[in-house]
1. Which is touching a residue at least 24 places away in the same chain (Cβ under 8 Å) and more than 14 Å from chain A (Cβ to nearest Cβ), of B:L132, B:L156, B:L142, B:L105?
2. Does B:V196 count as away from chain A (no Cβ under 14 Å) and surrounded by 21 or more Cβ atoms within 10 Å (Cβ to Cβ)?
3. Are any of the residues in the stretch A:153-173 buried (at least 23 other Cβ atoms within 10 Å of the Cβ), within 25 Å of A:M88 (Cα to Cα), at pLDDT 95 or above and away from chain B (no Cβ under 12 Å)?
4. Listed residues B:R121, B:R154, B:R149; which is charged (D, E, K, R) and surrounded by fewer than 22 Cβ atoms within 10 Å (Cβ to Cβ)?
5. Does B:A195 satisfy the condition of being modelled with pLDDT of 90 or more and in a strand (DSSP E or B)?
6. Among the residues of the stretch A:231-282, write down those that are within 19 Å of the chain's Cα centre (by Cα), surrounded by 13 or more Cβ atoms within 10 Å (Cβ to Cβ) and small (G, A, S).
7. Can you pull out every residue in the stretch B:340-358 that is under 16 Å from B:I279 (Cβ atoms) and among the small types (G, A, S)?
Amino acid sequence: MKLSAKIQDSFESGEPRRPGRLLVLPFALLGSTALNWVNQTGAAAIFLLLAIMRIPRARQLEKVIQQVYYIGARSTMIIMLVGLFTGMVLGLQSYHALVKVGAEGALGTLVALSLIRELGPVLTAIMITARAGSAITAEIGIQRISEQIDALDTMHIDPLRYLVSPRIAAAIISFPILTTLFDLIGILGSYVSGVWIMGANAGTYFYRVQSSVEMKDVTDGFVKALVFAVIVATVCCYQGYFAHMRSESRGAKAVGLATTSAVVLSCVLILVSDYVVTSLLL
Amino acid sequence: MDNPLIEFRDVTKRFGSLTVLEKVNLKIYEGEVTTIIGLSGGGKSVLLKHIIGLLQPDEGTILFRGQPLDRMSKKERYAALGRMSYMFQDNALFDSMTVYDNIALPLRETTKLKRAEIDRRVRARIEQTELLDAMYKYPSELSGGMQKRAALARALVIDPQIVLFDEPTSGQDPVRKNAILSMIAQYQRKFGFTAVMVSHEIPDVYFISNRILALYNRTIVFQGTVEELEDFDHPFKDEVIRSLEGLQQELTGLRSKRQFKIQYHASMKGSVPGESFTIIIFTLEGLDSVTSRLGHDAAQKAIHSTGLFIDKHFGPIGGFSTRVNAQQFVTMLPYSDQPESDALMLEFIKDFQKEGIRGIQGEAGGKMGDGCVELVVLAGMAQGNLLEKIESVIECARDRQKEIGRITCDTQE
């Protein structure tokens, strides 16, 4: 509810008017929003913890492999496509910038470090969110509103173990692999635009890539991919799992809103956590 | 009476400011079919969800074999509720799985059975619920009736001790409704589970229920047998039962028991002392074998056809009929004496043997000839008058029943 509507409500409610009440109201709303946010974060953290505890259970391997296929294998083409064009545009822009200072030889260094440390993990996570994360929320949300999750409960099948844990495990496996693929295709894309189209030296390009990338850059990229995997899988599963508890709508509309929230929240959290992880790793 | 299997003590449930259940007290006994009746949106499904633990009461206690569920450890709770199944009103089948996988799911996920054993059990249930043709189809490819049967098969595949049915017949045609109810009754007798059912199908559910619980104004206002419900005097009867109970039974087109009684009393009011009436009882013997060999649909269609034939024959001459139990009909011919009734009965038997039997075979979709089953139709007649109780006249007619028709494989040829 908008602040103006809440203020209007407070006027129309039968509560006795106290002096200064209007002054307090914005702070009360801010407080309740903050408390709600803390509540949601806490609930999501417990949700994640419970789901992770259920990964090493019997009959989970088959489900994890299935989810790796849906989240990972089926995202391969889109990741390769995005990786290729990101690399190509990066190569093009970097070449134009470097040539101005006569440092076009550093193209390989710039492209490889940008992709491996930053663009690879972030863009991969965003693309998986758009492709698989939204599908996870919609699928779990529909299962929730059509009582399929309640049916699991009545059959004494733990819904967290059956639906959420395999997806979190699959995300943890898939994100670093897809990030690696993105990085490799991106470096090749940059080679195509920088070397083939713009005429940079091919040997220098690969020499710079090889000499400038250290193991720490690769592991830092992997750390980010793992953090993003946990964030995306948790947010998307959580939004779908509790789609029926949304106060603003019910049924199919609630699933739609949950899916939108999952994608938006995941993307925002990817970028925020990227900054936090980068500042911790540097 | 024995100790109850499940007991509610002052259970109250609220959703925000809305109170759905208020101080509900009820008892459910082991091995019985208990039906909860009440108006739509009255909280019947909410009550059922409390039994299986999907919802928790805000106040009050739910006891399982005398032990409060909320004080049980996780292990005790699993032991209590582990063999309980729930059939959802909208089936809650997994739409991304085939019918086979849906039914196999609880066995795959909660038991350590070998794949071959799971396959054997699942196929047995699929066969029993007549879903062989739909085994590898997805729920969206099935009719509403088939989806219900798939949900029923899934609920029964774990050999449950307690099965909760949330409106198992909603959205079905009269024949299919009764086929589902008869299927539930048959499995309940066969496997001996305790069935708790939420239903609107009055009076059809009376035929299969041992006990009725009436939910009215957020609380249970009646619990007892169907016979006890007849004598129950409460606004619930006027507002709920009479609104749910059709003037005619959907399946047979005959009058409901209550309508039959009203019409009987009206006839008796207008009669003079010494005037007699005739009661005829019809029984379909061998319905169980029709059910087991040809399926529930065929059995229900045979009942449907018999009811229609009786009404067609006796209705135009002032007779009125009702179905008294799963396989018996009673017809009353007011103001008729013995010779007149004998003549009417002889005429009925002649017509029944000529057309009725063919009608039953035709209604059952020609299925009677597909398997070697035998359905025997019995009829018995008795005279009564103002001074006699109708129950004793019905009993007398029941004792005098003899065969008036037989449908076998041979008659089909």
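The values are calculated or read from the model by the stated rules, or taken from the named source; none is laboratory data. Computed from a predicted model, the values in this text were never measured in an experiment. A quick note on method: Cβ atoms are made from the backbone with ideal geometry, for glycine too, and the neighbour counts reach across all protein chains shown.
1. Selected residue: B:L142, the only one of B:L132, B:L156, B:L142, B:L105 that is touching a residue at least 24 places away in the same chain (Cβ under 8 Å) and more than 14 Å from chain A (Cβ to nearest Cβ).
2. no
3. No, there is no match, as no residue in the stretch A:153-173 is buried (at least 23 other Cβ atoms within 10 Å of the Cβ), within 25 Å of A:M88 (Cα to Cα), at pLDDT 95 or above and away from chain B (no Cβ under 12 Å).
4. B:R121
5. Taking the combined requirement at face value, the residue satisfies it.
6. A:A233, A:G240, A:A243, A:G256, A:A258, A:S261, A:A262, A:S266, A:S273
7. B:S341
Table: residues versus (1) more than 14 Å from every other protein chain (Cβ to nearest Cβ); (2) in a helix (DSSP H, G or I); (3) crowded, with 19+ Cβ neighbours inside 10 Å.
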| site | (1), (2), (3) |
| --- | --- |
| A:G186 | yes, yes, yes |
| A:A200 | yes, no, yes |
| A:T204 | yes, yes, no |
| A:D217 | yes, yes, no |
| A:G221 | yes, yes, yes |
